[in-house]
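Values in this text are rule-based calculations from the coordinates and carry no lab data. Every value quoted in this text rests on a predicted model; they were computed, and no experiment measured them. Methodologically, a virtual Cβ is constructed for each residue, glycine included, from the backbone with ideal geometry; neighbour enumeration extends over all protein chains shown.
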Amino acid sequence: MQLFKDIFDLFFPEVCLACKNQLYSNESSICTFCRHDFPQTDFTNVSNNQLEKLFHGRSPIKEATALFYFHKKGKVQELIHQLKYRNHQEIGEVLGYWLGEDLKSSNRFKSIDYIVPVPIHPKKRRKRGYNQLTKFGEALAQTLSKTLIENELQKIDSTETQTRKGKMERWLNVQNHFEIKDLSFFENCHVLLIDDVITTGATLEACSNQFLKCKNATVSIAVIAYTE
Ligand SMILES: [Zn+2]
């Protein structure tokens, strides 16, 4: 079998999903150079970091962190594109383990009970075939020995007008997109919300505010990449 694999690799060499250079046989998905080249935020051990400040006055987030900074046309953008639109779910797995080890190094995320991914609309999920956060969440949950809960927080249809929306209308529209099936499920729980890229924070704010309807629940956030 090894011979077949070697021949196969000769014609279809496996390439790094971030830089497209050919991988060495001891590498998988992402080359060693890229792993060291990604712009890491180092937010995990820093309280009141930039990401947490983004939510000040919007939603009371306990702790927040991001693995990487997101730059337009950068390697992280390419990686997330491959994860979301090219069916490279293994990227989610690699990054889930990576973030898991990162969170383990900090006391700030010790009291997490559940990990909950930002849901995608069922129609979108059917079209894509997967939620890009599932493998990521599973690897993260496994590393932290926590439970991943995918079906309690749901994306719902909202009445959307086709007219051009202003900033406020768009924000309001996002705020009404999510709901929790059973509010009692998360009573007295510390939930870690996860997402791929955070830009304005409107989606995570909307999700977080749903959890705050649950009695005595607290919310923290962990994302793959943060746009400055
Ligand atoms: Zn690379």
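Are any of the pairs 73/181; 72/155; 75/123; 62/127; 53/127 more than 31 Å apart by Cα-Cα distance, and if so, which?
Values: 73/181 38 Å; 72/155 27 Å; 75/123 29 Å; 62/127 34 Å; 53/127 35 Å.
Those over the limit are 73/181; 62/127; 53/127.
Rounded to the nearest Å, what's the spacing between the alpha carbon centres of the stretch 36-84 and the stretch 125-154? Just the number, please.
A separation of 19 Å, based on Cα centres.
Multiplying the sequence separation of residue 48 and residue 113 by 0.36 nm and subtracting their Cα-Cα distance, what value in nm do you get?
On the way: separation 65, 0.36 × 65 = 23.40 nm, distance 2.17 nm.
Gain in length upon complete extension: 21.2 nm.
Taking the radius of gyration and the Kirkwood hydrodynamic radius from Cα positions alone, what is the Rg/Rh ratio for the stretch 42-167, to two decimal places?
Over the Cα atoms of the stretch 42-167, Rg/Rh equals 0.98.
Express the Stokes-Einstein translational diffusion coefficient of the stretch 138-228 in µm² s⁻¹, to the nearest whole number, given a Kirkwood radius over alpha-carbon pairs, 4 °C and a viscosity of 1.567 mPa s.
Approximately 89 µm²/s, per Stokes-Einstein.
Once both labels are modelled 7 Å past Cα along the beta-carbon direction, what's the residue 170-residue 22 spacing in nm?
Label-label distance for residue 170 and residue 22, simple model: 4.4 nm.
At 222 nm, what helix-only mean residue ellipticity would the chain give, in deg cm²/dmol to the nearest 500, using -39500 (n - 2.57) for each DSSP H run of four or more?
Details: 9 runs with 84 residues, N = 228.
Helix contribution divided over all residues of the chain: -10500 deg cm²/dmol.
Using the Karplus curve 6.51 cos²θ - 1.76 cosθ + 1.60 with θ = phi - 60°, work out ³J(HN,Hα) for each residue of the stretch 82-96 in order, rounded to whole Hz, and write x for Gly and Pro.
Coupling constants for the stretch 82-96: 4, 5, 7, 10, 10, 6, 8, 5, 5, 5, x, 5, 4, 6, x Hz.
In what order do 98, 171 fall by count of nearby beta-carbon atoms within 10 Å, going from fewest to most?
171, 98
Using the beta-carbon distance between residue 127 and residue 3 and R0 = 41 Å, what value does 1/(1 + (r/R0)^6) give for FRET efficiency, to the nearest 0.05?
Values: r = 39 Å, r/R0 = 0.95.
E between residue 127 and residue 3, to the nearest 0.05, is 0.60.
Could you go through the stretch 21-35 in sequence order and give the Karplus-derived ³J(HN,Hα) for each residue, using 6.51 cos²θ - 1.76 cosθ + 1.60 with θ = phi - 60°, rounded to whole Hz, and x for Gly and Pro?
Computed from phi, the couplings for the stretch 21-35 are 6, 5, 7, 6, 5, 8, 10, 9, 6, 10, 6, 4, 4, 4, 4 Hz.
How large is ³J(HN,Hα) for each residue in the stretch 193-206, as worked out from phi by the Karplus curve 6.51 cos²θ - 1.76 cosθ + 1.60 (θ = phi - 60°), to whole Hz, x for Gly and Pro?
Coupling constants for the stretch 193-206: 7, 10, 8, 7, 10, 10, 10, 7, x, 4, 5, 5, 4, 4 Hz.
To two decimal places, what compactness ratio does the chain give when its Cα radius of gyration is scaled by 2.2 N^0.38 Å?
Numbers: Rg = 18.6 Å, N = 228, 2.2 N^0.38 = 17.3 Å.
Its radius of gyration relative to the 2.2 N^0.38 Å reference: 1.08.
For Cα pairs less than 8 Å apart in space and 6+ apart in sequence, what is the mean separation divided by the residue count of the stretch 78-228, i.e. the relative contact order in percent?
24 percent.
Could you put 197, 219 in order, starting from the residue whose Cβ has the fewest other Cβ atoms within 10 Å?
197, 219
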